[in-house]
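First up is the structure itself, then whatever we jot down about it.
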Amino acid sequence: MIELDFTETGYIIMGLIWLLAGIFGAGLAYKKGRSPFFWGILCLIVPIALFAIGGMRAPGEPLPPIFQREKDELRREAEERAARNKN
């Protein structure tokens, strides 16, 4: 887990940004005749969830094996394409 040291002002700013995202989402939903409560909560939670997911792995920490395998496969496929294009 990444160790971050946020100041109180940083938390307030992040909270305001997330709150504004929720309010904006609710406003758009209201204009389009959708559920403003659902979309407001969704627009509030998604940015927080993305930050949490992004912060679960520290920079330089190895990828989990499932993602490492995909990375190796992509690299191998790129090398094969490059070899085919050379010929």
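Of the numbered conditions (1) surrounded by 13 or more Cβ atoms within 10 Å (Cβ to Cβ); (2) under 29 Å from G60 (Cα atoms), T9 satisfies every one except a single condition; which is it? Result: T9 passes all but (1). Residues that are surrounded by 10 or more Cβ atoms within 10 Å (Cβ to Cβ) and either among the hydrophobic types (A, V, I, L, M, F, W, C) or at pLDDT 70 or above (or both) within segment 57-69 comprise E61, L63, F67, listed in sequence order.
The values are calculated or read from the model by the stated rules, or taken from the named source; none is laboratory data. Note that this is a predicted model, so its numbers are computed, not measured. Note: ideal-geometry Cβ built from the backbone for every residue, glycine included; neighbour counts use all protein chains shown.
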